[in-house]
Amino acid sequence: MRYIEPHGHMVSRTTDDYIDMATAGCVAVSEPAFWAGFDRSSVDGFYDYFCQLTEHEPKRAAKFGLQHFTWLCINPKESEDVKLAEDVIAIIPEFLKRPSVLGIGEIGLNKNSRNEMRVLEKHVDLAAAHDQLILVHTPHLEDKLKGTRLIMDVLKGDKRIRPERVIIDHVEEHTVKHVLDRGFWAGMTLYPESKCTPARAIDIIETYGNERIWMNSACDWGVSVPLAVPRTGLEMKKRGHTADAIDKMIYRNPVQFMSQSPKFRIS
Ligand SMILES: [Zn+2]
């Protein structure tokens, strides 16, 4: 089995995780910028984080035979301070030139607040101005459908944005069809309890098909499983999916989406 981890916060993971992922067939990981688990106090904190994502982490991943790609933004959880968000967005363009940066992400909404909306619009404008792919985080639980709709309205409201160049992540049963019907890609996050379990993710593929959809572990500093993608591949096999169908879901689909960036090349 070969696979891509399209959403892993590897700066929070250990070298054992890299070894396990490489052993399980992972060839590349893509790491969206994320909240650190605490609020960074200044734009300098983000500058250092973007250096870590674009300089240090690719080297660490390479030691275990994995390619490492990244996405940049200020996370919606830190978007209440609009001035800080503007300062962070202002330093992103210089990093977009770096060879492993695929786009802007993970942007979106957390509490669906007015300030989060403003910062989301600024990120969408940044992505459009620099012709970048977009990776979107959608809010949790009861706010998910409302937040997903608000995000899609912002994206559809900017005529420069092509939906096939946007992946909307953390979809669940009640949001996936809305996302696919509007032409976006959908990401399913495999968490042990919240978001999608492997069984629910496979149910979703069996219901809505396997086009424009990928799976990720979204492993970070919290409770998460770095091997969730290959384990779900095994679960697909148990449920009678062919080796080709599994390869499409966990390898070819993420390659297809990310290859829209000229910087994404599997070597
Ligand atoms: Zn994430």
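Things to note:
- Here the simple spin-label model places points 7 Å from the Cα toward Cβ, and for D244 and L145 these points are separated by 3.7 nm.
- Full-stretch length increase - D125, T14 - with 0.36 nm per residue and alpha-carbon distance subtracted: 36.5 nm
- Distant-in-sequence amide H partners of F69 (H built 1.01 Å from N, under 5 Å): V29, S30, E31
- Most to least accessible of H68, H178 (protein chains only, probe 1.4 Å): H178, H68
- Averaging the Cα positions of each part gives two centres, and for region 26-48 and region 82-148 these lie 13 Å apart.
- Placing a pseudo-label 7 Å from each Cα along the Cα-to-Cβ vector at Q256 and E164 gives an inter-label distance of 1.0 nm.
- Compared with the direct C-alpha span, the chain from R98 to R60 gains 12.0 nm at full extension, assuming 0.36 nm per residue.
- Probe 1.4 Å, protein heavy atoms only - accessible area per residue of the chain in square angstrom: 41
- Prolate/oblate/rounded label for the chain (Cα gyration tensor, a/c 1.5): oblate
- Using the Cβ-Cβ distance between K156 and K83 with R0 = 41 Å, the FRET efficiency computed as 1/(1 + (r/R0)^6) comes to roughly 0.90.
- Cα gyration tensor category, rounded, prolate or oblate, for region 79-136 with a/c compared to 1.5: prolate
- Protein accessible area in region 187-267, 1.4 Å probe - carbon and sulfur %: 55
- Farthest toward the positive end of the dipole of the chain, out of A245, G37, V171, is the Cα of A245, where the dipole comes from beta carbon charges about the Cα centre.
- Once the Cβ-Cβ distance of R114 and A90 is raised to the sixth power relative to R0 = 25 Å, the FRET efficiency obtained is 0.75.
- Prolate/oblate/rounded label for region 168-254 (Cα gyration tensor, a/c 1.5): oblate
- Estimated FRET transfer efficiency (S42, A22; beta-carbon r; R0 35 Å; 0.05): 0.50
The values are calculated or read from the model by the stated rules, or taken from the named source; none is laboratory data. Everything numeric here is computed off the predicted structure, so don't read it as measured data. For neighbour counting, all protein chains shown are included, and Cβ atoms are generated from backbone atoms with ideal geometry for every residue, glycine included. Each accessible area value is taken on the protein alone, full model and side chains, heavy atoms only, with ligands, DNA and RNA left out. Shrake-Rupley method; radii C 1.70, N 1.55, O 1.52, S 1.80 Å.
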